[in-house]
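Student: For reference, the structure I am asking about is given below.
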Amino acid sequence: MVKEQYKVADVIPHSSPMVLLDNIIEQHNDELSAEITISESSRFFEREYGGVPCWVGIEYMAQAIAALAGIHSKQKNEAIKLGFLLGTRKYNMPGKIFEVGETYQIKVKQLYMDDSGLASFDCRILNGNLLCVQAKLNVFETDDAQQILETNK
């Protein structure tokens, strides 16, 4: 379990207004649970639908993965690394909207990570016991993001 309570903004390489998660609930080894409560001021809120579209869940899950990586970096007294979302398989969203006033739990579990920084995660977003989104996300973490960004110019 988390020995220290981390703030999301302190463990991900995002800045406001793109820090989307509200809290880190728990972290143990290669698993993390976070939460977000949807309001009319939530980023990506769509008034005509009364919530945030479920496709935004991919970013919620990616930020939970980033938070897990950030906690691991902080525990090792290392700088937080930039990560890249490479893609997803089987993005399943039984619902269409994250509804206003509801709190959602984002759960990520690392399935593997190789020495190059390539990793895969099993991810779920729940509202209580109700599964709202499920996917496997593939990510890449690097010590030298600048080299990757310059290579792709």
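The values are calculated or read from the model by the stated rules, or taken from the named source; none is laboratory data. As the structure is a computational prediction, the values presented were derived from the model and not from experiment. Reconstructed Cβ throughout: ideal geometry from the backbone, glycine too, with neighbour counts over all protein chains shown.
Student: Across the range 106-118, what is the number of residues that are surrounded by 15 or more Cβ atoms within 10 Å (Cβ to Cβ) and modelled with pLDDT of 95 or more?
Tutor: 5
Student: Tell me which residues, restricted to the range 22-43, are farther than 22 Å from Leu111 by Cα, surrounded by 14 or more Cβ atoms within 10 Å (Cβ to Cβ) and not charged (D, E, K, R).
Tutor: Asn23, Ile36, Ile38, Ser42
Student: Taking the criterion of being of a type in the set (Phe, Trp, Tyr), farther than 22 Å from Lys136 by Cβ and modelled with pLDDT under 95, would at least one residue in the range 28-44 satisfy it?
Tutor: Within the range 28-44, not a single residue is of a type in the set (Phe, Trp, Tyr), farther than 22 Å from Lys136 by Cβ and modelled with pLDDT under 95.
Student: Further question: Taking the range 119-141 on its own, how many of its residues are on the phi < 0 side of the Ramachandran plot and exposed (fewer than 15 other Cβ atoms within 10 Å of the Cβ)?
Tutor: Here the count works out to 3.
Student: Do any residues in the range 87-100 that are on the phi > 0 side of the Ramachandran plot and modelled with pLDDT of 90 or more have Cβ atoms under 6 Å from those of residues that are in a strand (DSSP E or B) and surrounded by 11 or more Cβ atoms within 10 Å (Cβ to Cβ), where the two are at least six apart or on different chains, and which pairs are they?
Tutor: As it stands, the answer is Gly87/Asn138, since those pairs meet every condition given.
Student: Filter the range 48-80 down to the residues that are in contact with a Gly (Cβ under 6 Å, 6 or more places away or on another chain), among the small types (Gly, Ala, Ser) and more than 15 Å from Asp10 (Cα to Cα) and list them by number.
Tutor: Scanning the range 48-80 gives no hits.
Student: With the condition kept exactly as written, say whether any residue in the range 51-68 is surrounded by fewer than 22 Cβ atoms within 10 Å (Cβ to Cβ), part of a loop (DSSP other than H, G, I, E, B) and touching a residue at least 12 places away in the same chain (Cβ under 8 Å).
Tutor: No, the conditions are met nowhere in the range 51-68.
Student: Can you tell me how many residues within the range 16-27 are in contact with a strand residue (DSSP E or B) (Cβ under 6 Å, 6 or more places away or on another chain) and over 22 Å from Lys136 (Cβ atoms)?
Tutor: 2
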